[in-house]
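Participant: Quick one: the structure is below, questions incoming.
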Amino acid sequence: MKQSGNTILITGGGSGIGEALAHRLHDAGNTVIVAGRRRAALDAAIAGRENMHGMTLDIESAEAIESFAHDLIAAHPALNVVINNAGIMRFEDLSARRDLADAEATITTNLLGPIRLTNALVDHLKGQADAAIVNVTSGLAFVPLVTTATYNATKAALHSFTISLRDALAGSVEVIELAPPAVQTDLTPGQRTRPGYQPLDAFADEVMALLRQAPTPNEVLVENVKFLRNAEAEGRFDAALAAVTAMAKGSGH
């Protein structure tokens, strides 16, 4: 992935991991468009940075994504990098019948959202030099947290989709997976200050260092996520699952 001179879209760029990476990518010499539902959050994210722009996007709506993609290309025809980062994480109890609204919204946002947005932009990206797609998954794609079952499943599916996309676009668009560990953000209540989670700035700095590697790794993995990513290959899956479960119980989930 080229380090500067890109025009980059980051969904979910108004807060958390998306905002932290957006700021660093902008400061490295890229034009960055952050997209999300909340205009106020986007305005705050781009404040004071001349080459950052905000565009509202309802990632749950197929029609909104198509309209957004049209407007995005018209406003920023040099777009060559898309970072599918928008996501939600909801706790759920699988042990009894429940309202599935949270589960369905998670699938729509975390899985259908990136698939739809990639579909809307892929033809444009194939015509751009140094084009790249970055899909943000999770360490929980590889070892699940039982209390966020649908979230884990969407990230596992996005991991698989990314492998297929990389092969399909080989030679025209670079396809990268970024799998974060538990990071101190507002993804779930209390997560921003939860002990044992990686501080956001440290995570974002480590990601930027990995993106500067040549060639860019197919999977961008900070040290903290390797416990989960490599658990099955290293014969540690059951132990890792138990550790993740115990950690969640310790934090009230």
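The values are calculated or read from the model by the stated rules, or taken from the named source; none is laboratory data. It should be emphasised that the depicted structure is a prediction, and the values quoted were computed from it without experimental measurement. Heads up, the Cβs are rebuilt from the backbone with ideal geometry, glycines too, and the neighbour counts pull from every protein chain shown.
Participant: Considering the stretch 160-212 alone, what residues qualify as being in a helix (DSSP H, G or I), farther than 20 Å from Asn30 by Cα and acidic (Asp, Glu)?
Facilitator: The one that is in a helix (DSSP H, G or I), farther than 20 Å from Asn30 by Cα and acidic (Asp, Glu): Asp167.
Participant: List the number of the failed condition for Arg194; all other conditions in (1) more than 19 Å from Leu21 (Cβ to Cβ); (2) at pLDDT 95 or above; (3) surrounded by 13 or more Cβ atoms within 10 Å (Cβ to Cβ); (4) among the charged types (D, E, K, R) hold.
Facilitator: Result: Arg194 passes all but (2).
Participant: Can you name every residue in the stretch 213-253 that is among the charged types (D, E, K, R), in a helix (DSSP H, G or I) and within 30 Å of Met1 (Cβ to Cβ)? Show your work before the answer.
Facilitator: Within the stretch 213-253, the subset among the charged types (D, E, K, R) is 219, 223, 226, 229, 232, 234, 236, 238, 249.
Pick out the ones that are also in a helix (DSSP H, G or I) and you get 223, 226, 229, 238, 249.
Result: Glu223, Lys226, Arg229.
Participant: Scan the stretch 78-110 residue by residue and report those that are out of contact with any Phe, Trp or Tyr (no Cβ under 8 Å at 6 or more places or on another chain) and in a helix (DSSP H, G or I).
Facilitator: Answer for the stretch 78-110, where residues must be out of contact with any Phe, Trp or Tyr (no Cβ under 8 Å at 6 or more places or on another chain) and in a helix (DSSP H, G or I): Ala101, Asp102, Ala103, Glu104, Ala105, Ile107, Thr108, Thr109.
Participant: For the subset of the stretch 55-69 comprising residues that are free of Cβ contacts under 8 Å to residues at least 12 places away in the same chain and in a helix (DSSP H, G or I), which member is surrounded by the fewest Cβ atoms within 10 Å (Cβ to Cβ)? Don't jump to the end; show me each part of the working.
Facilitator: The initial filter retains those residues of the stretch 55-69 that are free of Cβ contacts under 8 Å to residues at least 12 places away in the same chain, namely 61, 63-64, 67.
From what's left, in a helix (DSSP H, G or I): 63-64, 67.
On the way: Glu63: 9, Ala64: 15, Ser67: 14.
Applying the filter and picking the extreme gives Glu63.
Participant: A further question follows. Looking only at the stretch 5-54, count how many residues are among the basic types (Lys, Arg) and over 19 Å from the mean Cα position of the chain (by Cα).
Facilitator: Taking the stretch 5-54 as the starting set, the residues that turn out to be among the basic types (Lys, Arg) are 24, 37-39, 49.
Of the ones still in play, those that are also over 19 Å from the mean Cα position of the chain (by Cα) are 39, 49.
Residues that pass the stated criteria total 2.
Participant: Provide a single number: the residues in the stretch 197-235 that are acidic (Asp, Glu) and either without any contact (Cβ under 8 Å) to a residue 40 or more places away in the chain or surrounded by 21 or more Cβ atoms within 10 Å (Cβ to Cβ) (or both). Reasoning before the result, please.
Facilitator: In the first step, residues of the stretch 197-235 are kept if they are acidic (Asp, Glu); the result is 201, 205-206, 219, 223, 232, 234.
Subsequent filtering for residues that are either without any contact (Cβ under 8 Å) to a residue 40 or more places away in the chain or surrounded by 21 or more Cβ atoms within 10 Å (Cβ to Cβ) (or both) retains 206, 223, 234.
Looking only at that region, the number is 3.
Participant: Now for a separate question. Does Asn119 satisfy being surrounded by 21 or more Cβ atoms within 10 Å (Cβ to Cβ) and not hydrophobic (A, V, I, L, M, F, W, C)? Full working, then the answer.
Facilitator: Details: surrounded by 21 or more Cβ atoms within 10 Å (Cβ to Cβ): no; not hydrophobic (A, V, I, L, M, F, W, C): yes.
Considered against the rule, which asks whether it is surrounded by 21 or more Cβ atoms within 10 Å (Cβ to Cβ) and not hydrophobic (A, V, I, L, M, F, W, C), Asn119 comes out as no.
Participant: With the structure loaded, tell me whether Ala45 is part of a loop (DSSP other than H, G, I, E, B), touching a residue at least 24 places away in the same chain (Cβ under 8 Å) and of a type outside the set (D, E, K, R) or whether it fails that test. Let's see the steps before the verdict.
Facilitator: Details: part of a loop (DSSP other than H, G, I, E, B): no; touching a residue at least 24 places away in the same chain (Cβ under 8 Å): yes; of a type outside the set (D, E, K, R): yes.
No; evaluated as a whole, the condition is false for this residue.
Participant: Check the stretch 1-13 and report whether any residue there is in contact with a His (Cβ under 8 Å, 6 or more places away or on another chain) and surrounded by fewer than 20 Cβ atoms within 10 Å (Cβ to Cβ).
Facilitator: Yes: the stretch 1-13 contains one or more residues that are in contact with a His (Cβ under 8 Å, 6 or more places away or on another chain) and surrounded by fewer than 20 Cβ atoms within 10 Å (Cβ to Cβ).
Participant: Quick one: count up the residues across the stretch 169-186 that are hydrophobic (A, V, I, L, M, F, W, C) and surrounded by fewer than 20 Cβ atoms within 10 Å (Cβ to Cβ). First the steps, then the outcome.
Facilitator: The first filter runs over the stretch 169-186 and keeps only residues hydrophobic (A, V, I, L, M, F, W, C), leaving 169-170, 173, 175-176, 178-179, 182-183.
If we keep only those that are surrounded by fewer than 20 Cβ atoms within 10 Å (Cβ to Cβ) too, we end up with 169-170.
Summing the residues that are hydrophobic (A, V, I, L, M, F, W, C) and surrounded by fewer than 20 Cβ atoms within 10 Å (Cβ to Cβ) in the stretch 169-186 gives 2.
Participant: Among the residues of the stretch 236-253, count how many are buried (at least 17 other Cβ atoms within 10 Å of the Cβ) and under 22 Å from the mean Cα position of the chain (by Cα).
Facilitator: Number of matching residues: 1.
Participant: Another question, if that's okay. If you check Thr188 against the conditions, is it under 17 Å from the mean Cα position of the chain (by Cα), modelled with pLDDT of 95 or more and of a type in the set (S, T, N, Q)?
Facilitator: Details: under 17 Å from the mean Cα position of the chain (by Cα): yes; modelled with pLDDT of 95 or more: no; of a type in the set (S, T, N, Q): yes.
Here the answer is no, as Thr188 does not meet what is asked.
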